[in-house]
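Just so it is clear, none of the values below were taken in a lab; they were calculated from the coordinates. Because the structure is predicted, anything quoted here is derived from the model rather than measured. Here the Cβ is made from the backbone with ideal geometry for all residues, glycine too, and neighbour counts use every protein chain on show.
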Amino acid sequence: MRDPDGGRRASARVLAWPLGTLGRVKPLAATLRAALEDELAGRSRTELAAATARLSQRYRRGGAASAPILASDTDVAAYAAYRMPATYAACERALSLAAPCYEGGIDSVVDLGGGTGAGAWAAMSVLEPGSVQVLDQVDAALRCGKRLAPFEASFARWAVGAPVPAADLVMASFVLSELSEAQRDSLVAGAIAAARRAVFIIEPGTPDGHQRVLAARAALVQAGWTVAAPCPQSGNCPVQQPDWCHFAARVERSSVHRQIKRGDLSYEDEKFSFVFAVRDGALPAAERVLRHPGKRKGFVELTVCDNAGETGRRVVTKKVGAAYKQARDLRWGDPWGDPAARD
Ligand SMILES: C[S@@+](CC[C@H](N)C(=O)[O-])C[C@H]1O[C@@H](n2cnc3c(N)ncnc32)[C@H](O)[C@@H]1O
């Protein structure tokens, strides 16, 4: 596997992380793209494109799967090629929004239905835990994930309903949509029982995905947990149907992605809904930006969710100085809530 300088990597716990300015870990998107290029070298683009078309049709249709959707090595390779960069980007953005809302540390992560490990890559990038365990029912996905990972992680066979190993954080990314309601409840209950500190559930940013996240959120709150992100409070969600709470992460499309997905754009926006809940130590944002901020001449217009459990509009004008400058840099999903900046 290549490191960001193009060399080949050996295996070690955390291998020469690409450090950004201020010593912070940089997102691993480029490392993942390079690892995928290596993994897919020599594979027929025609076969990958056919598998990609089949898989995306199946995922779009939704509904519980009676047999594993990733049914062959080619399916796994196609999934890794066209979905991993997007699920990594969504998890990375969600965890980056959640991390400042929680004052505890995360030293171990279990990724349920972790497949080829995109969620584990994001957890490594944002939280830097000491250990990560990826659990899934599909052996080919686990083998592929192990080959790709530039960090030490364990990849093991597991099926919903089996005991979940204890960890500081138990997560499930883009899994609930292919489970029956009983399996979804079982996965969330297993996560709650096994997580020492935090549970992170992320789903596609669709009305149905948000409903599944809301059901997981309700189970967490019912169990006495606190929502740390994205919600500013743990009471009822004010975002009611037909609206839905979701966010977006920009994903650069690699050339292999463009070949097998037959798209021309050099990027796509991956939409996601999520909940990050903790036993203790929640530091939720006062408000959360729910839409792309409207940046106009002399003012910024925000749609936010607040800690009173309501959604509302904020207009931040030049008059408020520092808060206006801050508002001009805001992105969809960011925390907000400086009372001085309210009308
Ligand atoms: C859409 S993929 C998501 C993979 C990964 N979490 C990601 O974000 O890229 C769903 C994963 O859930 C796994 N899965 C589905 N049903 C499962 C079950 N009953 N037990 C264990 N894993 C399951 C699938 O094998 C697949 O790897």
As an exercise: evaluate Pro165 against (1) touching a strand residue (DSSP E or B) at 6+ places or on another chain (Cβ under 8 Å); (2) crowded, with 17+ Cβ neighbours inside 10 Å and give the number of the one condition it does not meet. (2)
Residues of segment 33-59 being over 23 Å from Ala89 (Cα atoms) and either free of Cβ contacts under 8 Å to residues at least 24 places away in the same chain or assigned to a helix (DSSP H, G or I) (or both), in sequence order, are Gly42, Ser44, Arg45, Thr46, Glu47, Ala50
Taking strands (runs of 3 or more DSSP E) that do not extend beyond segment 253-343, which have at least 2 residues that are under 19 Å from the mean Cα position of the chain (by Cα)? 267-278, 287-289
Take the residues in segment 87-120 that are among the hydrophobic types (A, V, I, L, M, F, W, C), over 17 Å from Leu176 (Cβ atoms) and in contact with a helix residue (DSSP H, G or I) (Cβ under 8 Å, 6 or more places away or on another chain), then tell me which one is nearest to the ligand (Cβ to nearest atom). Ala120
Quickly run through segment 43-60 and pick out the residues that are within 13 Å of the ligand (Cβ to nearest atom) and more than 14 Å from Asp73 (Cα to Cα). Ser56, Arg58, Tyr59, Arg60
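Being assigned to a helix (DSSP H, G or I), among the aliphatic types (A, V, I, L, M) and more than 20 Å from Ala249 (Cβ to Cβ), is that true of even one residue in segment 77-91?
Yes, that holds for at least one residue.
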For Ala282, state whether it is without any contact (Cβ under 8 Å) to a residue 40 or more places away in the chain and of a type outside the set (D, E, K, R). no
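Let's see how each residue does on (1) polar (S, T, N, Q); (2) in contact with a helix residue (DSSP H, G or I) (Cβ under 8 Å, 6 or more places away or on another chain); (3) in contact (Cβ under 8 Å) with a residue 40 or more places away in the chain:
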| residue | (1), (2), (3) |
| --- | --- |
| Cys144 | no, yes, yes |
| Gly161 | no, yes, no |
| Ser180 | yes, no, yes |
| Ala195 | no, no, yes |
Taking segment 125-148 and the residues there that are aliphatic (A, V, I, L, M) and over 17 Å from the mean Cα position of the chain (by Cα), the one that is farthest from the ligand (Cβ to nearest atom) would be Leu148
Being assigned to a helix (DSSP H, G or I) and more than 20 Å from Val134 (Cβ to Cβ) is the filter here; which residues of segment 100-119 pass it? Pro100, Cys101
Across segment 161-213, what is the total count of residues that are of a type in the set (D, E, K, R) and within 11 Å of the ligand (Cβ to nearest atom)? 3
